[in-house]
Amino acid sequence: MSVRGIRGATTVEKDEAQEILKATEELVLEMAKVNRFDPEDIASVIVSTTVDVKAAFPAKAIRSIEGWTYVPVMCTHEIDVPGSMRKCIRVMMNVNIETKQSDIQHIYQNHAVQLRPDLQK
């Protein structure tokens, strides 16, 4: 078993708590489903947001999912690069998984699909 980094990103239309929490939950659940791992397999999760996403901690959404209470999660802000994507939530999960690095499926939703079109399957 190896620790693999699994990336994901999504965007929200408005900086509203309910929208941030919903988008984050949808993203991480798809990351787990597509890559076939359970919360117990997760070593840690780092969630970053662009500076215009501040109405809620996305980590709250992750810890609120049934079975995910004890997953270590930390939030931070992305570097505010001029011209970069706005209202974006990015996730990096470190997961204990048998899957080869080249077979990991990174998940990009909403406007975030523009970030890594090369990784879309």
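No lab work stands behind these numbers, since they all come straight from the coordinates. All of these numbers come straight from a predicted model, not from anything done at the bench. Glycine gets a Cβ as well: all are built from the backbone with ideal geometry, and neighbour counts include every protein chain shown.
Got a number for residues in the stretch 30-39 being touching a residue at least 12 places away in the same chain (Cβ under 8 Å), assigned to a helix (DSSP H, G or I) and not hydrophobic (A, V, I, L, M, F, W, C)?
3
Identify the single condition in (1) over 18 Å from Leu27 (Cα atoms); (2) among the charged types (D, E, K, R); (3) surrounded by 12 or more Cβ atoms within 10 Å (Cβ to Cβ) that Asp41 does not satisfy, given that it satisfies every other one.
Unmet condition: (1).
Quick one: is Gln109 over 16 Å from Glu30 (Cβ atoms) and either polar (S, T, N, Q) or in contact (Cβ under 8 Å) with a residue 12 or more places away in the chain (or both)?
no
For every residue, the table says whether it meets (1) in contact with a helix residue (DSSP H, G or I) (Cβ under 9 Å, 6 or more places away or on another chain); (2) in contact (Cβ under 8 Å) with a residue 24 or more places away in the chain; (3) assigned to a strand (DSSP E or B).
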residue: Thr24; (1), (2), (3): yes, yes, no
residue: Val28; (1), (2), (3): yes, yes, no
residue: Ser44; (1), (2), (3): no, yes, yes
residue: Ala55; (1), (2), (3): yes, yes, no
residue: Ile62; (1), (2), (3): yes, yes, no
residue: Cys75; (1), (2), (3): yes, yes, yes
residue: Asn94; (1), (2), (3): no, yes, yes
residue: Val113; (1), (2), (3): no, no, no
residue: Asp118; (1), (2), (3): no, no, no
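Output the residue which, of all residues in the stretch 23-73 that are closer than 15 Å to Cys88 by Cβ and of a type in the set (D, E, K, R), is nearest to the chain's Cα centre (by Cα).
Taking the candidates together, the pick is Glu26.
What number of residues within the stretch 1-22 are assigned to a strand (DSSP E or B) and farther than 15 Å from Asn110 by Cα?
Residues flagged as assigned to a strand (DSSP E or B) and farther than 15 Å from Asn110 by Cα within the stretch 1-22 amount to 5.
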